[in-house]
Every structure is written in structure tokens, then in C-alpha cells.
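In what follows, a structure is listed as C-alpha cells, so that the remarks can point back to it.
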Amino acid sequence: MAEEIAATGELPEEAAPPTDTTGTPSAEPEHAGGSGSDAAATSEGTPSAPASKAGRNLPAALAVGFGLGLSLIAILLWAPKVLVGVIAVAVAVATWEVTKRLREADVLVPRIPLLIGGQAVVWLAWPIGPQGVLGAFGATALTLMVWRLFDHGLRATPRNYLRDTAISVFTLTWIPLLASFAVLMLSEDKGNLRVLSFMILVVCSDVGGYVAGVLFGKHPMVPHISPKKSWEGFGGSLVFCVIGGLLTVTLLLQANSMIGALLGVGLVLVATSGDLIESQVKRELGIKDMGTLLPGHGGIMDRLDSMLPSAFVAWLVLTALL
């Protein structure tokens, strides 16, 4: 979502050794065309798109990012209630992408209750509030447990029940529950400006991390999770996000600038953590992107990874301090 750039605070691809899906250095040589899905595409004779130093098709990523960002800004300013539907659609697509990838890895998450229950979590946040979110989340989690127990019939012995159920509840928490906090934020006083502020700060974190990482990145943060992320990029994210927080909270929300500084620091921490969480999930699944819907970005989930935890922290900070 929004105008996120291809990667945040990442070192050039060449700076990190090839790794397998467990995060350990791989003994296999790299393909000439790159690594991961890029290499596969090259070996099949399909020319890969021109990529930036961060490993993405930067022109396509920028075009898609600006288009999505301008659309969301227009919705927030002139028809904020429409954003609830936009969030619901994004949650459904992201859930579909993740469950598809999990099923490809033989993790049998119940897709139907995840999709329906995820929509209930999002939509009940608007008229009912936190109680609606909690009720829908609890009901869906229980449904997932029972569904997976009997999805092969009453006479079949469940296989990998504990693993699949735990991952199902993780997915429910990761996508619909965290996304519902953006809806909760929207329903509060100046809700559209609160959501706009949090989105601007996530973009500031991405842009600052990208610029600093590409220009100065030399020291990897967590090479066994995301080899291209650097401490220099994290510093760039922090500077941009704190400045963005000071400006947005002061100018858009007319609140104490120190709240903006606190929000900026908090969002950098959780946005970076969100990136790393998805990176580890994809690493364990052995994939580069969750989907292919957005050129230069990957799937919807690849753009929501930092937004989802940031929505929760932004709701928490702004609700407590404004």
C-alpha cells in the first residue's frame, strides 16, 4: 500500500552471500542472472526487468507506488469511509497470497474461514470498535481450530494439526487483526488525518532507509534474515521518520511535536520489524515475493509488511496521547 519504495535500508545484492531458505550460507553457486525468482526467470529464457541496486524494477515500483499513494490520499481527504472497503480488499488479497504460498509449502491453513473471518475483523472495527475486532478475532480463531481438526472428515486422523493451526492463527493476527487498527484509527476524531500521518511516516521510513542504504550501506543488520538491510539504512529511516513525525503531528494533527518524535521512533522500529518478519517467512518458504500483482513491488502482502504493525503502534500512540 501507499508509496513504498522497493526496499528499505538495503545493501546492494552483491554485498550478501547467497543463502538458502533457513538463513545459512548456501554452497550452491549463484545463477548468472541473479538469485531467487529472478534467476529462475533468466534460466527459462524470459528476460528479467531492469532492477535497481535494491533488486527491484525501480521505475515500475515508483509508478505503482505514486499511483497508489495519490489514490489513498484522495480517498482520505474526500471520502475517508471508502478506505474501510479498500483495507478490506487489501486484507482479502494479502490473505489469499499468503495462504496460497503456505499451501504450496504443504501447510494446510483453512482458507475459507481465514478469508471470511478476516473480513469480519476488519468490517466490525468501524461500527463497533475494539469489541467488534476482539469478538470477530476470537470467533475466527476458534473456527480455525475446529475447521482444521475435521477438514479431512470425521474418520481421518489430522496431520500436522498443531503446526497448521498455529500458523493459521498467526496469519489471522498478522494480516486482518493488525489491519483493523487502521480502521479503528479512522473512526476516531480527525481519523482520516491520523491514518494519513501514519502512512506518511511509513513512507518516510522506507525512503530514508532506501536512500541511506544504497548510498552508505556497508554494515548488514541481520544478514541471516535480510542480507541487504544495513544499519546505515536503519539510521536513514530513523532520521526521515522522526522529522516526518514532527511535521505531520504538528501540521496535520495540531498536537505536541514530541508526540510526533515518539511516533516516528516507534514506527521505524515496528516497520523495520515488519519487513524482517515477512523476510523470514519468505525465506522459510523459499520464495522471493508473496505475489505478483504490483509490478516492481511483488504482491499486496509485500507492500503491507511494514504497514500492518505500524498501524497498531500508530493507533496505540495517538489514542493514548492525543
Item to check | Conditions (1) open to solvent by less than 60 Å² (accessible area, probe 1.4 Å); (2) under 20 Å from Arg194 (Cβ atoms): number failed by Thr95 | outcome: (2)
Checklist entry - When you scan region 70-81, how many residues do you find that are part of a helix (DSSP H, G or I) and over 16 Å from Met199 (Cα atoms)? => result 1
Checklist entry - Could you say whether any residue in region 302-315 is more than 18 Å from Glu97 (Cβ to Cβ), open to solvent by 30 Å² or more (accessible area, probe 1.4 Å) and in contact (Cβ under 8 Å) with a residue 24 or more places away in the chain? => result yes
Next on the checklist: Looking at the structure I just gave you, is Gly129 modelled with pLDDT of 95 or more and either more than 21 Å from Pro80 (Cβ to Cβ) or aromatic (Phe, Trp, Tyr) (or both)?
Outcome noted: no
Checklist entry - Where residues in region 76-92 are of a type in the set (Val, Ile, Thr) and open to solvent by less than 40 Å² (accessible area, probe 1.4 Å), which of them is nearest to the chain's Cα centre (by Cα)? => result Val91
Checklist entry - When you look at Leu154, is it at pLDDT 95 or above and of a type in the set (A, V, I, L, M), yes or no? => result no
Checklist entry - Of all residues in region 262-290, which are outside any helix (DSSP H, G or I) and either touching a Cys at 6+ places or on another chain (Cβ under 9 Å) or crowded, with 24+ Cβ neighbours inside 10 Å (or both)? => result Met290
Checklist outcome for this item: Of the residues in region 139-179 that are without any contact (Cβ under 8 Å) to a residue 60 or more places away in the chain and within 24 Å of Ser310 (Cβ to Cβ), the one that is most open to solvent (accessible area, probe 1.4 Å) is Phe170
Checklist outcome for this item: Checked pairs for region 110-135, first touching a residue at least 24 places away in the same chain (Cβ under 8 Å), second aromatic (Phe, Trp, Tyr) and buried (at least 20 other Cβ atoms within 10 Å of the Cβ), C-beta under 7 Å and 6 or more apart or across chains, list as Val121/Phe137
Checklist entry - Does Gly153 satisfy the condition of being more than 30 Å from Gly67 (Cβ to Cβ) and over 17 Å from the mean Cα position of the chain (by Cα)? => result yes
Checklist entry - Restricting attention to region 216-224, does a residue exist that is in a helix (DSSP H, G or I) and either small (Gly, Ala, Ser) or on the phi < 0 side of the Ramachandran plot (or both)? => result yes
Next on the checklist: Return the residues of region 71-107 that are without any contact (Cβ under 8 Å) to a residue 40 or more places away in the chain and either of a type in the set (A, V, I, L, M) or in contact with a His (Cβ under 7 Å, 6 or more places away or on another chain) (or both); say none if nothing qualifies.
Outcome noted: Ala74, Ile75, Ala79, Val82, Val86, Ala88, Val89, Ala92
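The values are calculated or read from the model by the stated rules, or taken from the named source; none is laboratory data. Remember, predicted model here, so these are calculated numbers, not experimental data. When we count neighbours, we look across all protein chains shown, and the Cβ atoms used for this are built from the backbone with ideal geometry, even at glycine. Side chains are part of the model used for accessible areas, which takes the heavy atoms of the whole protein and leaves out ligands, DNA and RNA. Shrake-Rupley method; radii C 1.70, N 1.55, O 1.52, S 1.80 Å.
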